[in-house]
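Worksheet: one structure, shown below.
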Amino acid sequence: MGFYADPWLRAARDRIEAHPEPPFGANDWRATDFDKVSEAVEKAIKAALIERHGSIPHEHDHNKLVSLCQTTGVWDVLPPALRNLVEEVESYRAGNPADTPDSMASSPEQLQRYFFIARRLIDYMEYHVIGNDSVLRRLKVA
């Protein structure tokens, strides 16, 4: 893992790991649960950019994750399932989070799926993007 990315990846994992397991059959999911996924995804993506450049340039310091990925080259290295997660997170953020948790995570199983895919995204960014120098050098941050 890279020197600059380490705190960002750790923060992303902390957002996901802090997620408590619900009691069996519980339907007590809130918008804040998907906010954790959203924040973890953003931190994982920005970790790669920080590792490449040392910081996030002002033009890349925004919450439009699909655009950020596309303009920096991250989009080209993401598998389709991880691209879908980034698109869904951005779609969630574009709406009013208080109004959209039912559409984004309609069941505990669906929300668990988001947490699982977010963990895969963090690992992918760490090992296949940050940990692969040839991929990391292809990112266009500055």
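In the range 82-103, the residues that are outside any loop (DSSP other than H, G, I, E, B) reach residues that are polar (S, T, N, Q) and at pLDDT below 95 with C-beta atoms within less than 7 angstrom, at least six apart or across chains, in these pairs: VAL89/SER38; TYR92/SER38; TYR92/THR100; ARG93/SER38; ARG93/ASN63. The set of residues from the range 106-142 being modelled with pLDDT under 80 and over 29 Å from ASP6 (Cα atoms) comprises SER106, SER107, PRO108.
The residues of the range 1-54 that are farther than 23 Å from THR71 by Cβ, over 17 Å from the mean Cα position of the chain (by Cα) and either surrounded by 17 or more Cβ atoms within 10 Å (Cβ to Cβ) or modelled with pLDDT of 90 or more (or both) amount to a single one, TRP29. The number of residues in the range 56-79 that are in a loop (DSSP other than H, G, I, E, B) and surrounded by 14 or more Cβ atoms within 10 Å (Cβ to Cβ) comes to 3. Restricting the first member to the range 53-80 and to residues that are more than 10 Å from LYS140 (Cβ to Cβ), and the second to residues that are loosely packed, with under 12 Cβ neighbours inside 10 Å, the beta-carbon pairs closer than 7 Å and six or more apart or on different chains are LEU68/HIS62.
The values are calculated or read from the model by the stated rules, or taken from the named source; none is laboratory data. Quantities reported herein were computed from a predicted structural model and do not represent experimental measurements. Here the Cβ is made from the backbone with ideal geometry for all residues, glycine too, and neighbour counts use every protein chain on show.
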